[in-house]
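Presented below is the structure to which this report refers.
FYI, it's all coordinate maths here, none of it is from the lab. What you are looking at is a predicted structure, and each value in this text was computed from that prediction instead of being measured. So basically every Cβ, Gly included, is an ideal-geometry build from the backbone, and we count neighbours across all protein chains shown.
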Amino acid sequence: METLEQIKNRCELAARGAKVEIVANPGPSQQSSLLIDNEHAVPVARFLRDHPALSFDFCSNVTGVDWLDRVAKKTAKVKQVVDGVEKEVDQTTEEKIPGYLEAVYHLYSIKLKHGPLIIRLRTENRADGTRLPSLTPVWRSAELQEREIFDLYGIVFDGHPDLRRILMWDEFKDHPMRKDYVQPDDFEWEPTPHDEVLERAKQHYTSRPQLDGAEKITAPQS
Amino acid sequence: MSEQIDENLRSELQRQGVWVTSMQELYNWGRKNSIWPLQFGLACCAIEMIATAASRYDIARFGGEIFRPSPRQADLMIVAGTVTKKMAPQIVRLYNQMPDPKYVISMGACAISGGPFKQGYNVLKGIDRYIPVDVYIPGCPPRPEALLHAFMELQRKIDNQKLSGSEKAEFLKPEQPSEFPVPAFGDHDLNPPANPKVYHPPKLERQS
Amino acid sequence: MSATIETIEAMERPPVTMTSRLDGELLEVSMGPQHPSTHGVFRMNVALEGEIVRKLKPVFGYLHRNHEQIGEDTTYLGSMPYTDRLDYFCSMTNNWAYALSVEKLASIEVPERAEYLRVILAELTRLQNHASLLGFLLSDMGAWGTPLMYAFREREKILDLFESLSGSRMMCDYMRFGGCRVDASDEWLSRAKQIVDRFPKFLDEFEELILQNEIVIARTQNVGKLSPELAVSAGITGPMLRACGVNYDIRKVDGYGIYPRFKFRIPLGEHGDTYDRLMMRALEMRESVEILKQALAQIQPGPIVNPKVKVRAFRPPVGEAYGRIEGPKGELGFYLISDGGPNPYRYRVRPPSFINLTVLEDMCLGHVVADVMVILGSVDIVMGEVDR
């Protein structure tokens, strides 16, 4: 398989105006990915599938990822005057990265038996109903998986033949796999609760203020 | 098993070739040895149920061999596997369609109380929130021998059911409901989350 | 004696004026979620014209146990027992796929004996999975459980091996990051060798009873055809893809573990119909027996776990990895994103059964309702994996 830079150059040549970036993977698995802008996603995907040297005809996995607002710390060496002597000092700058939702596609080639090539599509923000282009017209295997991402994360895929909820029931509201989803208070008596289960359990028990440490769990509500 | 007949008298008569029984014993004997389970497996425990019905841990020896596909013909519903909130209304409907007398075995940790998937947004924490359960089998998955043990417990329970008197069996009392209301899908949870007439969680005080 | 399917002659069919509406209105039937042959809680909304299927929409989610959300709340090692419950027939291969992904994420090496044990257990899993599938499919066709009894008889022997090694028949939780949990004794290996040596005899008997049976041939040939182009585009993997003639087996392509050391062939089908899919499984069982014989002969004593891997406070470096194996049902992959903490940031399972169902409608169109169950059986789905 060609390197990511070569593939990136090919994509940018093939689809005019496509902005393709390499997202480096810091870990040891050497699986860096290409970030494609939403407007040109479908032409770039078609190019990746059809070009004879690449022929990524098999889309193996489509994943939705929810990135919350993050703060990235960068340390850089800056020349500063300290006690009258010019020294190089580490200066940390904090950069706020707003949150977004992502769809990550793992592509393999059955014809040429290489892979994986990982491409990412990002939404602008984490609002409800953010849109991304659907790659189902290019790879049919994305059909059910994009429906699942719509169901669990809330990304609306433009161009999907049949976008509706797949795993949850139709009357369900919200999107459960988002990081800020709060589960309904489905309390059940537990013999040994701890951590967050304990916190939720405390709300269902009446307190016995005559004992010391009145926040400890006491008799249940009838 | 029968308070009415004196055991000594019965064994004496049997030695003479006379067999004495009571209607209750006979009725319960017929029922307990020919329980027809409903062919209804949800998840992993279903495979152990099938393995129990296979040739090694033969459930046919206990009379439970004929798994019926239709609830109208079944007496026993073995809820084997995780009950999700999406599936719960269908289970209650199936239970309603079964004719009396009917029994429910809750097989596996998931059917008892949600099991390892308890922290889930789609998992119903125990099928006994909506339908009454007779026997609970712990395990994940319970071994086929455990299911056979539960089956035998159920047989013992059926054997002890009385047909008349104040303590007669539930299904003979006309005011006992045989059908339970089917929950509806709400925004985030089922509506109602549990049936208060059926679901009786333990009320214990916790010290410390 | 050859089997012929007799068709009703035109004059014997009921006259059009007698019954109600035969003007082509579609009858919508919901098959499932409780149905004797839906392999778990799976529902299909079919629109029928008479008996012919005109539309088929599957409904999923009846076993959605939010495995991925639990994966985000649990540590890496804590998710290992949950992977057993994904495809509950093949817990060893699920464990291996997850261990492989984490080993890619944190770049962990696995000692040789552990690799051999992994291969042995994975191929044993494949044997019992394919045998059970053939048994279930025949029960769906109306054989009322007898082939299932034969298949489960062999399965019980293999489950006994799993139980004596890992402590549990089905939910083994056996693989660890960097190796295996428990070592196999020589006595276990010789028992495994005995079972593997006797397996071809069972396969001969099974194949003769099932695959040369005229009812099976009549009901499965030319039913549910799948073209190779559609299969590749729809992401189909596993025996279903190879039945269409596409030569893609991850054991050969990726060469994960120590599979390159073993000599085995990949069976390929010609027509892509249900009969080819059944034959795939039967032939793959024979190839698995070959791999097992080689592995059991070549295994050497040694350590079974990498001592450098921390069991407690296991924190892989920041990054992401996608690891996949050739499971008995298809390509089982795990995509993990790590943020340096003890829990994964995103834990995703690539379920082969779910994606293989993309083409269910395409395969069933134009067939009668009875064929739908046969086609569904040949896709080999397990709802724990489809819904996760």
Enumerate the amide H contacts of C:Arg43 below 5 Å, restricted to partners 5 or more residues apart or on another chain; note that Pro and chain-start residues carry no placed amide H. C:Val59
Cross-link reach from A:Lys74 to lysines, straight Cα distance under 23 Å and at least 8 residues apart if same chain, gives A:Lys87, A:Lys96
Cα gyration tensor of segment B:51-154, axes a ≥ b ≥ c as square roots of the eigenvalues: rounded (a/c below 1.5), prolate (a/b > b/c) or oblate? oblate
Starting from the Cα gyration tensor of segment C:78-124, take the square roots of the eigenvalues, sort them a ≥ b ≥ c, and report rounded, prolate or oblate (rounded when a/c is under 1.5, otherwise prolate if a/b is larger than b/c, else oblate). oblate
Diffing segment C:129-139: the Karplus 3J(HN,Hα) column from phi (6.51, -1.76, 1.60, θ = phi - 60°), in whole Hz with x for Gly and Pro, holds 5, 5, 5, 5, 4, 4, x, 5, 5, 6, 5
Of the peptides C:111-121, B:40-50, B:150-160, how do they stack up when ordered by the mean number of other Cβ atoms within 10 Å, highest first? B:40-50, C:111-121, B:150-160
Among C:Asn247, C:Asn94, C:Asn356: highest mean-square fluctuation, GNM of chain C, C-alpha pairs under 10 Å: C:Asn247
Please build a GNM for chain B, connecting alpha carbons under 10 Å apart, and tell me which residue among B:Ser166, B:Ser11, B:Ser70 fluctuates the most. B:Ser11
Qualifying GluC sites (Glu not before Pro) in segment C:289-379, DSSP loop, other Cβ atoms within 10 Å at most 10: none
Centroid-to-centroid separation of segment B:136-181 and segment B:70-84 [C-alpha atoms, Å]: 14 Å
Reduced to Cα centres, the span from segment C:199-216 to segment A:10-51 in Å works out to 49 Å
May I ask for the net charge around A:Lys87, where only other residues with Cβ less than 12 Å from the Cβ of A:Lys87 are counted and Lys, Arg are +1 while Asp, Glu are -1? -2
Using 29 Å as the Cα-Cα cut-off, could you pick out the over-long pairs in A:Lys113/C:Lys263; C:Lys104/C:Lys252; B:Lys86/B:Lys197; A:Lys73/A:Lys179; B:Lys118/B:Lys168? B:Lys118/B:Lys168
Using only DSSP helix segments of four residues or longer, with each worth -39500 (n - 2.57), what per-residue ellipticity at 222 nm results for chain A after dividing by its residue count and rounding to 500? -5500 deg cm²/dmol
Counting only other chains, and only Cβ atoms inside 10 Å, what mean value do you get across the residues of A:136-147? 5
Quick check: Cα centre of segment A:124-184 to Cα centre of segment C:50-121, how many Å? 22 Å
Going highest first, how would you order A:87-96, C:192-201 by mean Cβ packing within 10 Å? C:192-201, A:87-96
Could you work out, residue by residue across A:62-69, how many beta carbons of other chains sit within 10 Å of that residue's beta carbon, and then give the average as an integer? 4
Under 12 Å Cα-Cα from A:Lys79, which aspartates and glutamates qualify once same-chain neighbours fewer than 8 residues away are excluded? A:Glu88, A:Asp90
Please give the average number of partner chain Cβ atoms lying within 10 Å of the Cβ of each residue in B:109-119, rounded to a whole number. 4
How large is ³J(HN,Hα), in whole Hz, for each residue of segment A:51-66 in order, when computed from phi with the Karplus curve 6.51 cos²θ - 1.76 cosθ + 1.60 and θ = phi - 60°, using x for Gly and Pro? 5, x, 7, 9, 5, 7, 9, 10, 9, 7, 8, 10, 10, x, 10, 10
Residue by residue through segment C:185-192, what is 3J(HN,Hα) from phi via Karplus (6.51 cos²θ - 1.76 cosθ + 1.60, θ = phi - 60°)? Round to whole Hz and write x for glycine and proline. 7, 5, 5, 5, 5, 6, 5, 4
